[in-house]
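The numbers here are math on the coordinates, done by the rules we state, and not lab data. Predicted, not measured: the structure shown is a model, and the values here were computed from it. Neighbour counts run over all protein chains shown; Cβ positions are idealised from the backbone, glycine included.
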Amino acid sequence: MKEDKHHQKSTQSRKQFLQRSALAGAGLSLAAPFQLFAETSSDLNGIAKTNIKTKGYAAKDTSGVLSPWEFERRPVGDDDVLIDVKFASICHSDIHQMKGHWGPQQYPQVPGHEIVGIVTAVGKNVTKFKVGDRAGVGCMVDSCMECDSCKHGDEHYCERGETLFTYGYPSEESPTGITQGGYSDKIVVRDHFAVHIPEHISFEEAAPLLCAGITTYSPLITADFNIGDKVGVAGIGGLGHLAVKLAVSKGAEVYAFTTTADKVKDIEKWGVKEVIVVDDKQSNLVGYRQLLDYMICTIPYEFNSAPYISCVKPYGTFTYVGMPEGFSLNMNNIALASSRVNFNASLIGGIPETQEVVHYCADNGIRPEIQIINADQINQAWKDVEDKKARYRYVIDAATFG
Ligand SMILES: [Zn+2]
Ligand SMILES: [Zn+2]
């Protein structure tokens, strides 16, 4: 029965997609009547069934340079909310994906998966949000919602492979053919995939929680360490600095590993036990051999992970959340074998846990370190992220996309 319903839904959206494609192909002569028809059509809530005109910044090629782009999002469907974006923050993943480091991309493509704003319209089936609510969107915007993983809040591990990531993924419902991300002034999203942003955290400080926050919170919670356990964080950037703050707040004795000496003073303020400035040859890691109960690594480039893994105690766990070019790892089997460290990798977190981390940070005073920028500063900010100059998350003011 459910299969049928699902099939119907996808057949219907495919039909709409084909209709739209046909209209687009018919050229200018049909554009005017289509527009007229669309503007007069609305659902019971009075929401116009027209595409949503959106302004954003897009990559047009693999250069890593973004420029202003006007595009359309799908109309607000029965299960959708329309969010007037207030802030969107910059994740290293945005840069990797736009530059094609993880595979070929379709352009123009709008990156951004740390998105916050105000709900300005809701579809007729939506009960989770009402107009005026504060909402956030992270790394995914849809999934099958019916498989065991989806039903248990692991929508990012949808067993049917239908997890729809926030930008660059094929979407028949999207007028551009792919999902388009948060570096823009509006987003339409299925209500389930938006989370509430409580009043006691600012929009700009909530934005980085939608990817950096959940990506570090989920494995830290799964690690289930005890108060006083020694937790290592490798790579102190957007993700790593939140991992440090989260682990400290959970009572861990935190060891922060960075290659950037001028971050030490900042990191010390966040309550760590020790900051280790790792030298070029990683030789000083020897002094930390088998010290840690748990280690999380956020380094987004390929590097020699063996000396870091050796810092974990026998039978301890090492979780790698950074995503290097080509997703490739540099491992050493004897580093794992000599202490039977459990090595795993982790991708974001599900929607219930994303809601949880937002509340956890809001309630416990955990705030990302941010720098607010305008849209025309994005290209410089991307360079600064790559040069390890970000301190520690750039947050774009969406009012400057217009
Ligand atoms: Zn991200
Ligand atoms: Zn699923």
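Semi-axes of the equivalent ellipsoid of the range 50-111 are 24, 13, 12 Å, computed as sqrt(5λ) over the eigenvalues of the C-alpha gyration tensor in descending order.
A prolate overall shape is assigned to the range 322-365, the ratio a/c of its alpha-carbon gyration tensor axes (a ≥ b ≥ c) being 1.5 or greater and a/b exceeding b/c.
The listed peptides 57-70, 330-343, ordered by packing as a protection proxy, come out as 57-70, 330-343 (highest mean of other Cβ atoms within 10 Å first). Only DSSP H runs of four or more residues enter the estimate; each adds -39500 (n - 2.57), and after division by the residues of the chain the mean residue ellipticity at 222 nm equals -8000 deg cm²/dmol.
To the nearest Å, what is the center-to-center distance of the range 342-397 and the range 212-259, using C-alpha atoms only? Their Cα centres are 14 Å away from one another. Between ILE236, ILE201, ILE227, the GNM of the chain built on Cα springs shorter than 10 angstrom shows ILE227 fluctuating the most. Of all the options HIS96, HIS152, HIS113, the one that moves most in a Gaussian network model of the chain with Cα springs shorter than 10 angstrom is HIS152. Every Cα-Cα pair of the chain was included, and the share exceeding 30 Å stands at 42 percent. Let me have the relative contact order for the chain, percent, based on Cα pairs under 8 Å that are six or more residues apart. Relative contact order of the chain: 16 percent.
Each label was represented as a point 7 Å from its Cα along the Cα-to-Cβ direction; for LYS53 and ASP376 these points are 2.2 nm apart.
What the Cβ-Cβ distance of THR62 and LYS265 gives, at R0 = 56 Å and to the nearest 0.05, is a FRET efficiency of 0.95.
Please determine, in degrees from 0 to 90 and to the nearest 10, the orientation of helix 351-364 with respect to the longest principal axis defined by the Cα atoms of the chain, where the helix direction is its Cα long axis. Between the helix axis and the principal axis of the chain, the angle is about 60 degrees. Between amide H atoms placed 1.01 Å from N, distances below 5 Å from ILE373 occur with VAL395, ILE396, ASP397, all of them 5 or more places distant or on a separate chain. The aspartates and glutamates whose alpha-carbon is closer than 17 Å to the alpha-carbon of LYS269, local same-chain residues fewer than 8 away aside, are GLU253, GLU369. Seen against the Cα atoms of the chain and their longest principal axis, helix 238-249 is set at about 60 degrees. Once a ≥ b ≥ c are taken as the square roots of the eigenvalues of the Cα gyration tensor of the range 213-345, is the result rounded (a/c under 1.5), prolate (a/b larger than b/c) or oblate (a/b not larger than b/c)? Rounded, because the longest to shortest axis ratio a/c is under 1.5. Longer than 20 Å from Cα to Cα, which of LYS53/LYS99; LYS263/LYS388; LYS230/LYS273; LYS86/LYS130; LYS55/LYS128 are they? Say none if no pair is. Checking Cα-Cα distances, LYS53/LYS99; LYS55/LYS128 exceed 20 Å. The packing ranking of peptides 294-300, 209-215, 191-197, highest mean first, is 209-215, 294-300, 191-197, where packing means the average number of other beta carbon atoms within 10 angstrom of each residue. Straight-distance candidates among the lysines for linking to LYS124, with alpha-carbon spacing under 18 Å and chain neighbours fewer than 8 residues away dropped: LYS9, LYS49.
For MET323, no residue 5 or more places off, or on another chain, has a built amide H under 5 Å of its own. When the square roots of the Cα gyration tensor eigenvalues are ordered a ≥ b ≥ c, the ratio a/c for the range 110-237 is 1.5 or more and a/b exceeds b/c, which makes its shape prolate.
What FRET efficiency, computed as 1/(1 + (r/R0)^6) with R0 = 25 Å and r the Cβ-Cβ distance, is obtained for GLU274 and ILE227, rounded to the nearest 0.05? Calculated transfer efficiency: 0.90.
Kindly express, to the nearest 10 degrees and within the range 0 to 90, the angle between helix 212-223's C-alpha long axis and the longest C-alpha principal axis of the chain. Result, in degrees: 50.
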